[in-house]
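First up is the structure itself, then whatever we jot down about it.
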Amino acid sequence: MSATPTNTQNTANLGRIFFLDAAGGRVRSANPDGSDLRTIIVEGRKIPDGLAIDVTAGHLFWTNMGNPKANDGSILRSGLDGRNVTTIVPPGGTFTPKQLQIEKRAGKLYWCDREGMRVMRANLDGSAVETLVDTSEGDHRPGSDATKWCVGVAVDVDGGKVYWTQKGDTKAGRGRLFRSGIEVPPGQSASSRRDIELVYDALPEPIDLEIDPSTRTLYWTDRGDPPRGNTVNRAPLDAPPGERPAPEIVFEHLMEAIGLALDRKGRRMFVTDLAGSVYSADFDGSNRKTLLMAQGNLTGIAYAELPAAS
C-alpha cells in the first residue's frame, strides 16, 4: 500500500471529488471539473467499492470487497491526503461490503454487504458492527441468489428510514428497492423484522443510492439494460402508499453505472461507471459533462468541500 501526499490548494471552499478504481485498487481525487487528477492511495487488488468522507474529522472511508467467495471484506480509513491508512473493520468483519454512507448525527457508518445479504452499520471507529437487515432467508454465505444481494444504501435521518437496493441477476430486470426503520423494532431481529417496505420492484439493476433531504428526493444509479438501465433515476421519498410515481430518468447512456455523489449546495451530481468515466450534471440531468475517461473500472464516488489551506 502506498500514498502520494499532496498539498491542498489555498482557496476557499475547495470542492473535490474522490473516487475508486476497483481494477487498480486506487483511491483517486480531482477538482469537480476533472482537473488536478491525483492518486492518493494504491493498495492493489482488494476491489474497493464504497466511499464516504467526514470533512470535519478529516477522514476518508472506503470498503474493500475482497474475494466475493471468501469472508474477507473490510473497511478502511485514512486522512484526506491518503496518509495514516487504518483498517477499522478487519477482513471477515463483513463479507462483501459495497456502498458506504456516513450518518453524522448518530456517528455511524452504514453499508450493504452483497454476498453477505445484509444491511450493516458500525461506529465511525469500526466498533459495534451490527446487522440491521438480513435478506438471506436462511441461505448460507456467500449467497448465490442475486435477488438477495444488498448493494446500495442511503439513510433518511429526518424520515427515520434506511433505504437499500437488491440488484438481482445481471441484466435480468429483477432489481428492487426497499426501506425500513433505522432501528430494528423491539422484539424482532434483522431477519424477522416486519417493517420492511418494497419501494420499487422490477428495476433493471439498481446500484448506489443518494438522498437530497431538501427536496425529499431519492436518487440512484442503475447498471441494467437500456432504456431504463445504465441511468441515474430519482423519485420522491414521501409518496403515499399506492400513489408512488414511476422513477424519473435524469441521466442515461452510461456504461455500467455505479457510483453516485450529490453536491447538495451546488445542485449537481457526480457519476462513475465501470468503463472508467466520471460525469457531472445538474440534479435534473441538464448541463451534462464528461469529466474523465478511461480511468479503470470505477465504483464509488464522493464529493466534499474541503477547508482552505492555512
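Under the combined filter of DSSP loop state and at most 14 neighbouring Cβ atoms within 10 Å, segment 174-232 retains these GluC sites (Glu not before Pro): GLU183. Across segment 93-104, computed HN-Hα scalar couplings (Karplus, 6.51 cos²θ - 1.76 cosθ + 1.60, θ = phi - 60°) run x, 7, 7, 9, x, 10, 4, 10, 9, 9, 10, 6 Hz from first to last residue, x flagging Gly and Pro.
The packing ranking of peptides 163-172, 65-74, highest mean first, is 163-172, 65-74, where packing means the average number of other beta carbon atoms within 10 angstrom of each residue.
With the Cα gyration tensor of segment 234-310 giving a ≥ b ≥ c as the square roots of its eigenvalues, does the rule (a/c under 1.5 for rounded; else a/b larger than b/c for prolate; else oblate) give rounded, prolate or oblate? Oblate is the answer for segment 234-310, as a/c is 1.5 or above yet b/c matches or exceeds a/b. If R0 is 30 Å, the Cβ-Cβ spacing of GLN188 and GLU243 corresponds to a FRET efficiency of close to 0.60. Among 79-85, 289-295, the peptide with the highest mean count of other Cβ atoms within 10 Å heads the list, and the full ranking is 79-85, 289-295. In the chain, Cα pairs under 8 Å separated by at least six residues give a relative contact order of 15 percent.
Only one of the values (i) 18; (ii) 14; (iii) 7 was calculated from this structure for percent of Cα pairs over 38 Å apart; name its label. Here percent of Cα pairs over 38 Å apart agrees with entry (iii).
Every read-out reported here was derived from the displayed coordinates using simple, explicitly stated rules and does not represent laboratory data. It should be emphasised that the depicted structure is a prediction, and the values quoted were computed from it without experimental measurement. Ideal geometry is used to build each Cβ from the backbone, glycine not excepted, and the neighbour counts take in all protein chains shown.
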